[in-house]
Amino acid sequence: MARGSSGIVAGLTAAAVAAVCFLAYQASANAPDSLAAPSPAASGSAALPSEKPKATKDPLAVPADSDTGARVVYSLKDRRVWIVDGEEKSLRTFAVMPSSVNPLPGAYQVTSRSGTIKGSDGVLIEHVVRFTNVDNISVGFSAAQDGSMRSPDPTMKTGGVRMKRADGNALWTFATVGVKVVVVP
């Protein structure tokens, strides 16, 4: 009878060990990554240099090559405008529809503004903020009164960089005559 009970005890012990192993595996598989990896201080070993995670570029961050100070930044490639205060903080950023005539990258100043006019494409526009001329065509920001942001007719030479009306209102408030406009590639 001693032989039979030792077999039962061995079987129960093996079953208990298997159950504990299964539960340990299940717990580690469901643990968050922050708890699953031991910290260098907890392991008691000297801290090993770890790879720093690569910084991901914020797609809405003000372009690094866009000058300094209070300004409007217009990125030709990104089709985006930033309104930047004197502390280098982006107050607002928004997508725009470029005109068929684009200015060269560089620093400009707001030269004139118009509240409401008819654009060179025949669309009624508001909050026109002009900052340069290219081949005798005024280039500036505006919003169509009907809210549209259609692609410009490539056969027409127009200089209106269009935006949504709410963005046009914000730009109109910020970009008074003399404010810097920086165009980046």
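Here's how it looks for Thr132: its modeled amide H is under 5 Å from those of Val139, which are all 5 or more places away or on a different chain. For the stretch 58-152, the solvent-accessible area works out to 51 Å² per residue, with a probe of 1.4 Å and every protein chain left in place. Size check on the stretch 48-185: the Cα extents along the three principal axes, sorted descending, read 66, 30, 28 Å. Ranked by the mean number of other Cβ atoms within 10 Å of their residues, highest first, the peptides 73-79, 111-117 fall in the order 73-79, 111-117.
Among Glu87, Glu126, the order of accessible area from largest down is Glu87, Glu126, computed with a 1.4 Å probe on protein heavy atoms. For the stretch 58-108, the spread of Cα coordinates along the three principal axes comes to 33, 21, 14 Å, biggest extent given first. In this structure the amide hydrogen of Val179, modeled in the peptide plane, comes within under 5 Å of the amide hydrogens of Val110, none closer than 5 places in sequence on its chain. What a 1.4 Å probe finds exposed on the stretch 81-171 is 49% carbon and sulfur by accessible area, rounded to a whole percent. Summarise the long-distance tail of P(r) for the stretch 111-175 by giving the % of C-alpha pairs beyond 18 Å. Everything past 18 Å amounts to 26 percent.
The values are calculated or read from the model by the stated rules, or taken from the named source; none is laboratory data. Keep in mind it's a predicted model, so treat the numbers as computed, not measured. Using ideal geometry, Cβ is built from the backbone for each residue, glycine included, and neighbour counts are taken over all protein chains shown. Just the protein is used for accessible areas: all its heavy atoms, side chains included, with ligands, DNA and RNA removed. Shrake-Rupley method; radii C 1.70, N 1.55, O 1.52, S 1.80 Å.
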